[in-house]
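A short reminder: the numbers here are calculations on the coordinates, not readings from a lab. Computed from a prediction, not measured in an experiment: that's the story for all the values here. Here the Cβ positions follow ideal geometry from the backbone for every residue, glycine too, while neighbour counts run over all protein chains shown.
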């Protein structure tokens with residue numbers, strides 16, 4: 001089974017390595033198609049090393065796996081940059097620059113350099129992960145009211161039976177809000193423009 005299918009498959013078990021300890025969650029639903037981060041609703045198990053994480057409850061798991069970035073697809077302006085274990089492994093062997101350093105758009109790799117593309121995608125997802133976790137930290141006072149609660153961050157453990165990988169993708173766990181509306185479904189007249197708030 002392809003790891004992409006496994007992410008999407010209800011009742012699949014995923015192992016997470018968090019700062020507080022290792023946990024296993026069960027996939028309930030995947031929000032597809034995946035574009036950047038892979039977003040899943042998962043169920044926690046009875047015991048958890050995270051005090052604030054409710055046991056046997058639904059939470060959102062965001063996986064920052066560069067393998068499924070929609071930028072990899074071909075467009076009329078550029079070829080596809082398909083994932084391969086070989087290119088990911090070669091990129092992972094290189095010394096990694098500081099995660100805060102990121103290639104500018106003008107510094108995109110050459111189209112015929114799959115190893116550099118894997119490095120680029122890795123950095124891209126590291127940057128997105130860091131930005132999101134920093135945002136939740138900065139907005140801690142709004143968690144549980146204006147924004148979802150942030151529970152934990154860590155890495156996804158991908159077992160050999162799924163697919164060999166050279167990296168362990170980053171993950172975050174946040175509150176699941178049932179029946180939440182997508183912003184695209186909200187009447188624009190009901191949204192207060194930011195310039196009218198004083």
How long are the three semi-axes of the equivalent ellipsoid for region 3-196, computed from the Cα gyration tensor as the root of 5 times each eigenvalue, in whole Å, largest first?
-> 29, 23, 17
How would you order 165-172, 116-123 from highest to lowest mean count of nearby Cβ atoms within 10 Å?
-> 116-123, 165-172
Whole-percent pair-distance distribution, where bins are 10 Å wide, for the alpha carbons of region 50-160 | 11, 37, 28, 19, 5
For each of 192, 157, count neighbouring Cβ atoms within 10 Å of the residue's Cβ, then give the residues from fewest to most.
-> 192, 157
Can you give me the relative contact order of the chain as a percent, contacts being Cα pairs under 8 Å and 6 or more apart?
-> 22 percent
Calculated from DSSP helices alone, with each H run of at least 4 adding -39500 (n - 2.57) and the total divided by the residues of the chain, [θ]222 nm to the nearest 500 comes to -6500 deg cm²/dmol
Over all pairs of distinct alpha carbons, what does the Kirkwood formula give as the hydrodynamic radius of region 1-51, in Å?
-> 11.8 Å
Among bridges DSSP assigns within the chain, what percent are antiparallel (round to 5)?
-> 95 percent
